[in-house]
Every structure is written in structure tokens, then in C-alpha cells.
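Working notes, structure below.
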Amino acid sequence: MAINHDGLGRETPWAETVVTQEQIGALCDALEDDLPLFGDPAVAAASAYGGIVAPPTFINVFRRAKTELLLGALEVDLPKLLHGEQEIVYYAPLRPGDRVRHRIKIIEVGRKKSRTYGELDYFTVLITVKNREDQKLVEARQRFFVREG
Amino acid sequence: MEASQSFPPAGLAVAPASHGPFFEEVQVGFELPTVRKRPITRLQLAKYAAASGDFNPSHVDEEIARELGGMGGVFAHGMIGMGFIGELLVRWLWDRPLRRFSLRAVAVVRPGEALECYGKVVRKWVEEEDNLVEIAVGARNQRGEVTHTGTALAALPTRPLAPGAAVKHPYLLEHRVIG
């Protein structure tokens, strides 16, 4: 078995972080995405957002203790992981300076047939990002397949 | 190899200088201007690993990817494609909010491959006071093979009614007797 099914339900503690322009810039640089909504204060101010916002997949950077969760609770091998699917639900935009908290929880563990890879172990993590008023800002469900052999 | 599109994309009918599309102006079947990304480099995957914190060695270490990962060599993070398609969406939506964005990686992407991102409006409707459009999205490599597939939901505003807007049939308001 490539995965410990007892990892279902395990979660990281809530972690406090601040969204920074540096993090936004690093992601945009890696994506070679120069859209000014993510980096030009004047252009972003003229938009309905009224200022710079994080790009749509920014939630991927929230991963405090994620590796410990996957290695410790699920006992998976990092090189065997395939991050195949993600669903992001947006409640409010993230902006530089936002003080947020996030938590990662294993919400599914099982074995299924992947259209791409055949029958494999898989797990789903839920990443929840909230503001200090405990309101959800964004959440993502990420499904990982675990290669065998 | 083509560079990624400059902004604003040439030929875009509405230059999003300060706002994105209005709900009533979007037709089902509308195809978003495609975004063609530059070929993925190993340095880019290292930058993406650092920016996303995803240090799975299969994305940067050839030996590990080949021997331990069993994937035949280094391959890109599946979700880098989601970042690229996110760019496609925001180039069109500009400041209109995304409500939901889901994506599946369906084929391995290797360094050197160039992805083209595309999207098409497939549905529009109103739900709980939100004007929603559903966009079928995806990416394909330079050989035309689909690498990612998914959907996005966005909420678009409608133009506010102008005060004192002319009414087409004023006689209806004046209760004129006909006949």
C-alpha cells in the first residue's frame, strides 16, 4: 500500500501568515505572468478591486506543515505524488498586507481509477484560508494520486 | 518559439483599461483570446517550486524523477498549468471576480514544452443575484495534445441603467386609447 488510510481527517494547526507583494511577485515571475493587477499599484487602483490582488492560484503558496502532514499522517513518498486536480472556491480577494490564517486537512483517502494513470491510491486535502474575523477568503481542494512501484 | 502574448492582447475588442466585461455583452460560445506561454524551462520549474513551496524533487531533480518517481524524468508541476490558465482568465475578466476554478492535469508536461491556454463561455445564468458565466478552459502543448482541462465560474456585473433612459414606446405610458 502506498498510503496510510488512517491519515483521513488529520490536519495541520491553524497558521498565521501575511500576504506579501514579494510572494505575489515570486509566483507571477515563475508563471511569467506580468498582468498589472498583480503588481502595478496605479493600474490596480483604477480597477474595481481598488488595489493589487493575488492571482487566482495564489492559494497554492499556503502550505505550512503540509509536507509534515503528508509524510507523517499519510506516509507517502514525495517523489511518488502526482498533483492531478484542484478546485478553488473564492469568497474574497487576497491583497498584500492581509493577515490571514490557513489550515490543511486530509478530507479523503482512497483508491480509484484515474483517467490518466490507471487505478491508484489517492488523497484529497482541503486548504482553508480565513481572515482574522474567521471569514473564509478562499479554499482549495487538491487531489493527489500516489504512484506505486 | 513565440513569446507569451503582450498585454493587452492584439485584436481584443474591448481593451480592459479599467474594467472587465459586462454580463449582457458576453455571448455563450465566446472564445477567450488564447494565451500562448513560452516553453517551460527547468529554471522556471525551480522558481515555481520556490514560489509555491512545492519542493517535490520530481520537478527539479532528473535522477530522482527517473529512479524514484518512475516518471521518466523531470516533469512540470501539474498546477503550473492552473497558473497559466488563471492568467488567461484574468486577462479577459480583469476585475470581474472568479467564484470557482477547477482543473485537472491530464497529460505530463516536460521542460521545453509550450502550452497554449484557451477558454470558451459555455453558459450564462443568474443565481441568487449573481450574474454567472461558466467558462470551459484547458491547455494544450505544442503538439496539440490536451494537457489540462477544467471550468471556471465568474460573476459579471451589468451596466447600470442610465437615469431618465428613453422609453421605446411612450404611448404605453400615456394610456392612450387605441381604436
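Observations on the structure shown:
- Test: A:LEU71 is without any contact (Cβ under 8 Å) to a residue 60 or more places away in the chain and facing chain B (nearest Cβ under 10 Å): no
- Of the residues making up region B:111-132, those that are closer than 30 Å to B:LEU45 by Cα and either in contact with a strand residue (DSSP E or B) (Cβ under 9 Å, 6 or more places away or on another chain) or more than 14 Å from every other protein chain (Cβ to nearest Cβ) (or both) are B:GLY112, B:GLU113, B:ALA114, B:LEU115, B:GLU116, B:CYS117, B:TYR118, B:GLY119, B:LYS120.
- B:GLY72 meets all of the listed conditions (1) in contact with a Leu (Cβ under 8 Å, 6 or more places away or on another chain); (2) surrounded by fewer than 22 Cβ atoms within 10 Å (Cβ to Cβ) but one, namely (1).
Conditions tested, residue by residue: (1) under 29 Å from A:ILE52 (Cα atoms); (2) within 11 Å of chain A (Cβ to nearest Cβ); (3) at pLDDT 95 or above.
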| residue | (1), (2), (3) |
| --- | --- |
| B:MET71 | no, yes, no |
| B:GLY83 | yes, yes, yes |
| B:GLU87 | yes, yes, yes |
| B:ALA105 | yes, yes, no |
| B:ILE135 | yes, no, yes |
| B:GLU145 | no, no, yes |
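- Sole residue being surrounded by 19 or more Cβ atoms within 10 Å (Cβ to Cβ) and more than 17 Å from the chain's Cα centre (by Cα), chosen from B:VAL126, B:VAL137, B:VAL109: B:VAL109
- Scanning region A:104-128 for residues that are surrounded by fewer than 18 Cβ atoms within 10 Å (Cβ to Cβ) and of a type outside the set (S, T, N, Q) gives A:LYS105, A:ILE107, A:GLU108, A:GLY110, A:ARG111, A:LYS112, A:LYS113, A:ARG115, A:TYR117, A:GLY118, A:GLU119, A:LEU126.
- Looking only at region A:116-149, residues that are modelled with pLDDT of 90 or more, on the phi < 0 side of the Ramachandran plot and among the charged types (D, E, K, R) come to 8 in all.
- The set of residues from region A:34-79 being buried (at least 18 other Cβ atoms within 10 Å of the Cβ), aliphatic (A, V, I, L, M) and either part of a helix (DSSP H, G or I) or modelled with pLDDT of 95 or more (or both) comprises A:LEU35, A:LEU37, A:ALA44, A:ILE52, A:VAL53, A:ALA54, A:ILE59, A:VAL61, A:LEU69, A:LEU70, A:ALA73, A:LEU74.
- Within the set A:LEU78, A:LEU82, the sole residue that is within 29 Å of B:GLU63 (Cα to Cα), of a type in the set (A, V, I, L, M) and without any contact (Cβ under 8 Å) to a residue 60 or more places away in the chain turns out to be A:LEU78.
- Residue pairs whose Cβ atoms lie under 8 Å apart, separated by 6 or more positions or on different chains, with the first residue in region A:39-65 and farther than 15 Å from B:VAL90 by Cβ and in contact (Cβ under 8 Å) with a residue 60 or more places away in the chain and the second surrounded by 20 or more Cβ atoms within 10 Å (Cβ to Cβ) and of a type in the set (Asp, Glu), are A:ASN60/B:ASP54; A:ARG63/B:ASP54.
- Against the list (1) assigned to a loop (DSSP other than H, G, I, E, B); (2) out of contact with any strand residue (DSSP E or B) (no Cβ under 7 Å at 6 or more places or on another chain), the condition B:SER58 fails is (1).
- For region A:77-125, filtering for residues that are over 18 Å from A:PRO56 (Cβ atoms) and more than 9 Å from every other protein chain (Cβ to nearest Cβ) leaves 24.
- Test: B:GLU145 is more than 21 Å from A:ASP33 (Cβ to Cβ), under 13 Å from the mean Cα position of the chain (by Cα) and among the charged types (D, E, K, R): no
The values are calculated or read from the model by the stated rules, or taken from the named source; none is laboratory data. Please read these numbers as outputs of a predicted model, since none were measured by experiment. Neighbour counts run over all protein chains shown; Cβ positions are idealised from the backbone, glycine included.
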